[in-house]
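This report refers to the structure that appears directly beneath it.
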Amino acid sequence: MGSAARGTWLSGDHDLDVFIGVPGGSSLLPALEVGRLAAPEHEERYAEHPYVHANFEGLEIDIVPCYLVEDASKIISAVDRTPFHSRYVSAKIGGLEDEVLLLKQFMKGIGVYGSELKVGGFSGYLAELLVIRYGSFIAVLEGASCWRPGETIDLSAHSSQDHADPLVVVDPVDPARNVAAALTLDRMFQFAAAARLFLEEPGPDFFFPSPPAPLKDQELREELERRKSTLILLEFGGPDLVEDVIFPQLRKAEESVRALFEGNGFSVLRSDADWHRDATFEPPGTDGGEESQLCGAIRILFELEVAILPKVERRVGPPAWEAEHAKKFVASHTAPFSGPYVEGGRVVVEVARKYIDASQLLAARGASLSLGRHLGPALRRGYNIYGGQEILKIVDPEFRSFMARYFSAREKVG
């Protein structure tokens with residue numbers, strides 16, 4: 001079932017989904033037990049319900065129980081749609097398999113393939129529907145070149161539901177669902193921009209780009225020196241959960257820390273975050289006993305224009321003619337460096353800044369931020385903060401590749 005059965009499975013992909021169907025209304029536990037028996041060395045994961053994840057001869061295999069229902073509108077869980085998707089695409093895709101493979105590899109090459117929340121891109125099913133809609137790989141690129149936010153594709157012309165997503169592709173087997181709901185605005189137009197460039201000047205690097213090599217110490221030093229900015233990295237242990245649970249919280253954590261910096265006067269040039277599952281993280285101050293309970297390292301990177309601010313901070317208050325508000329503003333700022341005085345019609349004071357060092361601010365306030373249900377407790381178990389060239393202490397290849405991608409940051413836009 002799925003792309004492997006339809007001949008649209010990308011060579012080199014190392015994941016395979018196997019669905020075990022049971023009648024609607026019955027228990028999924030027997031199907032789950034079949035998965036356990038089929039893969040004795042496995043781990044159980046949970047999305048809407050438990051499933052079995054295993055590695056077999058280099059393949060990552062998910063054995064997923066699902067309900068067999070007669071109508072897609074009566075599904076019990078999201079995976080129950082899969083048989084309907086398979087039947088629909090199989091009936092429409094004949095003769096277009098190579099077009100789908102070209103589109104998927106193109107999407108993979110430019111970094112927009114995958115509907116998981118870590119990527120926020122195009123699912124395989126969405127790629128198949130686009131080829132069915134436009135008729136060929138090139139026609140999809142031509143169509144995407146003209147996309148605007150709110151673009152709607154309804155293959156069966158049977159949807160009456162409004163969606164607010166950047167791209168709306170109505171599921172032909174479930175008209176209430178947008179197949180492109182996971183696609184972000186950035187990934188949508190990263191694809192559209194790359195489509196325009198490819199149509200102007202095709203090339204193999206769209207399909208098979210050379211990944212940046214992990215940065216060596218000297219290369220990392222040179223990048224830091226060239227940019228003349230300050231990098232601050234927050235690192236803590238990752239909870240042992242699936243990526244689609246962790247990555248929404250990771251983006252929330254990134255935004256929370258960014259807001260902390262900017263709310264205290266530190267200008268953030270750019271930020272990024274990743275979960276390096278093969279890295280080893282040991283909470284500071286422990287003897288290593290915590291390590292077994294963690295899964296890799298969460299790393300959130302911030303690039304600041306400056307990391308040290310002056311002690312004095314200027315605060316602009318209400319208009320001077322608003323007597324009551326002006327009085328309260330002055331009373332709330334005792335012992336200022338200068339002021340109060342009037343400038344541009346407003347009351348101004350110059351006061352002492354509480355935090356002048358960005359790393360100290362993060363150390364003092366980071367653990368109290370709202371970082372998500374699982375990442376907040378994970379951070380409070382212990383974390384490291386690296387500033388500037390201190391990040392050279394982190395040598396694992398995942399992190400050094402992450403830094404290489406961060407510094408290159410070049411997409412096929414124009």
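The numbers here are math on the coordinates, done by the rules we state, and not lab data. Since we're looking at a predicted model, the values are computed, not measured. A quick note on method: Cβ atoms are made from the backbone with ideal geometry, for glycine too, and the neighbour counts reach across all protein chains shown.
For Cα pairs less than 8 Å apart in space and 6+ apart in sequence, what is the mean separation divided by the residue count of the range 312-352, i.e. the relative contact order in percent?
Details: 67 pairs, mean separation 21.2, N = 41.
RCO, the range 312-352: 52 percent.
Segment Ser90..Ile308, full-extension length gain: 72.5 nm, with 0.36 nm per residue of separation and the alpha-carbon distance subtracted.
Between Asp278, Asp62, Asp80, the GNM of the chain built on Cα springs shorter than 10 angstrom shows Asp278 fluctuating the most.
Each of His325 and Lys354 was given a label point 7 Å from its Cα along the Cα-to-Cβ line. The distance between the two points is 2.3 nm. With a simple spin-label model that places each label point 7 Å from the Cα along the Cα-to-Cβ direction, the separation between Glu223 and Ala176 comes to 4.6 nm. Taking every alpha-carbon pair under 8 Å whose residues sit at least 6 apart, the chain reaches a relative contact order of 14 percent. Computed from backbone phi, the HN-Hα couplings of the range 168-177 come to 10, 10, 5, 5, x, 9, 8, x, 7, 10 Hz, rounded to whole numbers (Karplus: 6.51 cos²θ - 1.76 cosθ + 1.60, θ = phi - 60°; Gly and Pro given as x). Database remark: amide H of Arg346 closer than 5 angstrom to the amide H of Ala320 (H placed geometrically; neighbours at sequence offset of 5 or more, or on other chains; Pro and chain starts carry no H).
The C-alpha atoms of the chain define a longest principal axis, and helix 82-92 lies at about 60 degrees to it.
Once the Cβ-Cβ distance of Asp272 and Ala139 is raised to the sixth power relative to R0 = 35 Å, the FRET efficiency obtained is 0.55. Working from label points 7 Å from Cα in the Cα-to-Cβ sense, the Ala335 to Arg380 distance is 3.2 nm. Lysine pairs in the chain with Cα distance under 24 Å, only those 8 or more apart or on different chains: how many are there? Final tally of qualifying lysine pairs is 17.
Report the convex hull volume per residue for the range 312-352, counting only C-alpha atoms, in Å³.
Values: hull volume 2.0 nm³, N = 41.
About 50 Å³ per residue, rounded to a whole number.
Measuring r between the beta carbons of Val34 and Lys118 and using R0 = 22 Å, the FRET efficiency lands at 0.15.
Quick one: among Phe402, Phe56, Phe84, which has the greatest mean-square fluctuation in a GNM of the chain with alpha-carbon springs under 10 angstrom? Result: Phe56 has the largest fluctuation of those listed. When only alpha carbons of the chain are considered, Rg and Dmax amount to 25.9, 78 Å. Each residue in Leu260, Leu102 was given a count of other beta-carbon atoms within 10 angstrom of its own, and listing them fewest first yields Leu102, Leu260. Please determine, in degrees from 0 to 90 and to the nearest 10, the orientation of helix 124-134 with respect to the longest principal axis defined by the Cα atoms of the chain, where the helix direction is its Cα long axis. Long axis of 124-134 versus the principal axis of the chain: about 70 degrees.
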